[in-house]
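Undergrad: Below is the structure I would like to discuss, written out as structure tokens.
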Amino acid sequence: MENKFLSALFFMKGMVISMAKPRKLTEEMVQRIREMYSKRQFAMSDLSKEFDVSTSVISNAIHKRYVPKP
């Protein structure tokens, strides 16, 4: 509840903020994530920071539960 209040407060003052970054992965990004993870180059937490998404999105991409939307 507090986050909605803060968002509204900043919006009214002309300072638009975002509480979450809705970032979509492209098919190429998903393929790269799978490649990097399969070669044991990066951990899921490292990939989530690299691609600026949550670790659950990375996990879904790796385990083929993430389907990029066109």
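Undergrad: Condition first: touching a helix residue (DSSP H, G or I) at 6+ places or on another chain (Cβ under 7 Å) and surrounded by 17 or more Cβ atoms within 10 Å (Cβ to Cβ). Now tell me which residues in region 45-56 satisfy that.
TA: Quick first cut of region 45-56, residues touching a helix residue (DSSP H, G or I) at 6+ places or on another chain (Cβ under 7 Å) only: 45, 47-48, 51, 54-55.
Hits for region 45-56 are 47, 48, 51.
Undergrad: Can you give me the ranges of the helices (runs of 4 or more DSSP H) entirely in the chain with at least 2 residues that are among the basic types (Lys, Arg) and at pLDDT 90 or above?
TA: Here the list reads 27-38.
The values are calculated or read from the model by the stated rules, or taken from the named source; none is laboratory data. Just so it is clear, the structure is predicted and the values come from calculations on it, not from any experiment. All Cβ positions, even for glycine, are placed from backbone atoms using ideal geometry, and neighbour counts span all protein chains on display.
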